[in-house]
Amino acid sequence: MLDVSCLNAWYGPAQALFDVSFQVHSGELVVLQGLNGAGKSTLLQALIGIGPRVAGQIVWDGQPLQDWPAHRRARAGLGFVAEDRRLFSALSVRENLWIAARSGEQGTAAEQFDKVLGLFPNLQTLLDRPASQMSGGEQQMLALARTLMTSPRLLLLDEPCEGIAPVLVQAMRDALLALAGEGVTMLVAEQNQILAAHAHRVLQLTSGHLA
Ligand code: ATP
């Protein structure tokens, strides 16, 4: 379903990805591992069409999308949760979720809303709280919940368990494994070993090269 071949990326003259090729099949949980600076965020950003200058081929559902703008890739089903979360900080949890629902394609927004709250029960009690007044881990859950409101067909997550309280790491891990169990296709960047043991495949990125 996702077929990446010979992907290269540059920030100005500095090359960050070198001939990266891999596939993600429908229903797979694929973990992308690598140290700080290995190029994990660069790869995810290249896939969704933000960030670096890229060359190479990205085929999604049989269509080359490397020349598509980010919003068209999102409409085609690519959902991304950035490491820095990118929430509307002044808006409440409920508002953050409903804003995302507008671009949803499957089912009704109300059904999606109930579904994501089922996945993250601790957001239930925080529905009226501004995102800015939530902990880092709660914000990370809201960022994932918001992306799920758009019913993505491929979920790209950048270090979802990084820098959050251990109790919330557990909840995040459980939610991600529940999604994987439902057959949601995911490519997850992580440095720690939280999801790798459960992955269908682990990709190892080293200085911009896939092992
Ligand atoms: P981390 O876990 O620290 O985010 P990462 O594996 O996601 O690491 P990237 O952030 O993709 O790695 O960085 C890959 C390389 O690209 C590094 O050498 C980094 O310094 C460089 N880089 C990343 N973002 C930029 C940018 N906006 N401008 C210039 N260079 C960048």
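List the GluC sites (Glu not before Pro) within region 1-106 that DSSP assigns to loop and that have no more than 12 neighbouring Cβ atoms inside 10 Å.
Listed in order of number, the matching sites are 105.
How large is the convex hull of the Cα atoms of the chain per residue, expressed in Å³ as a whole number?
Each residue corresponds to 114 Å³ of Cα convex hull volume.
Between residue 178 and residue 197, what length in nm is gained on full extension when 0.36 nm per residue of separation is reduced by their alpha carbon distance?
Once the chain is fully extended between residue 178 and residue 197, it gains 5.4 nm.
Taking only Cα atoms of region 101-211, what ratio of Rg to Rh do you get with Rh as the Kirkwood inverse-distance radius?
Across region 101-211, the Cα-based Rg/Rh ratio is 0.98.
Let me test this: with uniform point scatterers at the alpha carbons of region 1-60, what is the Debye-based log₁₀ I(q)/I(0) at q = 0.13, 0.20, 0.21, 0.22 1/Å?
Those come out to -0.32, -0.75, -0.82, -0.89, one per q.
Trypsin sites (Lys or Arg not before Pro), restricted to region 38-119: which are DSSP loop and have at most 14 other Cβ atoms within 10 Å?
Sites meeting the loop and neighbour criteria: 86, 102.
Find out how many positive minus negative residues lie around residue 41, taking Lys and Arg as positive, Asp and Glu as negative, among other residues whose Cβ is under 9 Å from that of residue 41.
-2
Could you tell me the calculated FRET efficiency between residue 72 and residue 99, based on Cβ-Cβ distance and R0 = 25 angstrom, to the nearest 0.05?
Once the sixth-power term is evaluated, E becomes 0.80.
Roughly what would the spin-label model give for residue 114 and residue 19, points 7 Å off Cα along C-beta, in nm?
Placing both labels 7 Å along Cα→Cβ, they lie 5.3 nm apart.
Under a Cβ-only charge scheme (Lys and Arg +1, Asp and Glu -1), can you give me the dipole magnitude of the chain about the Cα centre, in debye to the nearest 20?
300 debye
Every number in this text was worked out from the coordinates using simple rules, so none of it is lab data. Please read these numbers as outputs of a predicted model, since none were measured by experiment. Heads up, the Cβs are rebuilt from the backbone with ideal geometry, glycines too, and the neighbour counts pull from every protein chain shown.
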